[in-house]
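I have placed the structure first, in the form of structure tokens, so that the comments after it can refer back to it.
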Amino acid sequence: MTDHDALAAIPKLELHLHLEGAAPPAFIRDRAKRNHIDLSRVFDEQGQYRWQGFAGFLSTYDAVCTALKTPQDFHDLTLAVLDNSASHGVIYTECFLSPDFCGGGDLNAWRDHLAAIDAAAQTAQAQSGIVMRAIVTCIRHHGPEQARKVAICAQETAGQFVTGFGMAGDEARFQPKDFIWSYDAAREAGLGLTAHAGEWAGPEAIRATLRDLRVSRIGHGVRAIEDRAVQDLLAERGVVLEICPRSNIAQGLYPKLHDHPVAKLRDAGVKVTVSTDDPPFFGTGMTQEYSALADCFGWGRDDFADIARIALDAAFIDAPARAVLQNRLEEACPTPT
Ligand code: ADE
Ligand code: ZN
């Protein structure tokens, strides 16, 4: 077996994947055609997504989402995304789903889209064994009022499939405290909580997110590397970072993986996990992330098994389903005694 094959075979748990952001360009081109939407500007000559800088990324992302109109579109997208994840050895994935892109925050429209996504997740699980859970996600730059509608969608559909609440979007807009109402509502509904922070804003944004939104996980959080006290806070509280190395590099946060803080944060005692964020936008996949980390930092099977166990502990999933995943992981990577 080559190293690449060995890495592909390691069971992986992905905690940070945006469903729309994982849409293959060919899928979006097809839906744009069917739904009579001109999206030529979002593709480059090679048929890949065209974007530049974070603002450009968000603008292309929004445009891509306009191709997805119906619950059936989201059903088919979910099947395509989970099929691809399973081919990378992913056994568990949490996907960010945004009611803003599924009917604009209207609860009935959201229920229809969610039912279609849930049905596709069940089909995928029956086909490949991959388990999916949903994190209902507000988009920060759509503002706190819209986030309230999203939190209500999350509250009303919390259960076996919808297990988390999150926030993505432009970190330069609004403050964590502007979203306290939404996070309180989600917490009361029993949802696990995460928020993108410390990706574009500095370490103080991580501190404010922990204080005001009381999350157990942070999306990215890489800029904790700039403040030792924030690293200590994350380590003491056992907050888990959903780190997406290739996303940060493709967006220009760090020039190369060698400069990325994932290994230093891990060495500082911070719980890190590995995800892909929006893989076709960044030319990545879980196997590519693992390969690059192995090559750059010398991580091996034990390191990746350790990361998978951290992800499983931090997963927003019920105890029986967690136990099933734990057995699958333990079978492939027995815990050293
Ligand atoms: N939405 C999708 N990917 C994102 C990212 N990396 N940061 C913020 N919002 C996002
Ligand atoms: Zn993200």
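If the condition is being surrounded by fewer than 21 Cβ atoms within 10 Å (Cβ to Cβ) and among the small types (G, A, S), then region 193-212 contributes A201, G202, A208.
State whether the residues of region 215-222 include one that is more than 18 Å from H16 (Cβ to Cβ) and either more than 19 Å from the chain's Cα centre (by Cα) or surrounded by fewer than 21 Cβ atoms within 10 Å (Cβ to Cβ) (or both). No. Look at Q231 and say whether it is of a type outside the set (V, I, T), within 19 Å of A172 (Cβ to Cβ) and out of contact with any strand residue (DSSP E or B) (no Cβ under 8 Å at 6 or more places or on another chain). Answer is no for this residue. Determine, yes or no, whether T284 is within 15 Å of ligand 2 (Cβ to nearest atom) and part of a loop (DSSP other than H, G, I, E, B). When the stated conditions are applied, T284 passes them.
Where helices (runs of 4 or more DSSP H) fall wholly inside region 1-103, the ranges with 1 or more residues that are more than 16 Å from ligand 2 (Cβ to nearest atom) and basic (K, R) are 25-34. Return yes when E188 is of a type outside the set (A, V, I, L, M, F, W, C) and closer than 20 Å to D106 by Cα and no when it is not. Answer is no for this residue. Contact map, region 88-108: residues that are surrounded by 24 or more Cβ atoms within 10 Å (Cβ to Cβ) paired with residues that are of a type in the set (K, R), Cβ distance under 6 Å, separation 6+ or inter-chain. Pairs shown: V90/K12; E94/R133. The residues of region 151-175 that are out of contact with any Phe, Trp or Tyr (no Cβ under 8 Å at 6 or more places or on another chain) and within 16 Å of ligand 2 (Cβ to nearest atom), listed by number, are G169, R173. Run down L253, L257, L241 and say which single residue is under 23 Å from G298 (Cβ atoms), within 15 Å of ligand 2 (Cβ to nearest atom) and in contact with a Leu (Cβ under 8 Å, 6 or more places away or on another chain). That would be L241, the only listed residue that is under 23 Å from G298 (Cβ atoms), within 15 Å of ligand 2 (Cβ to nearest atom) and in contact with a Leu (Cβ under 8 Å, 6 or more places away or on another chain).
Taken together, the values in this text are just the output of simple stated rules run on the coordinates, not laboratory data. The structure displayed is predicted, hence computed values, not measured ones. Ideal geometry is used to build each Cβ from the backbone, glycine not excepted, and the neighbour counts take in all protein chains shown.
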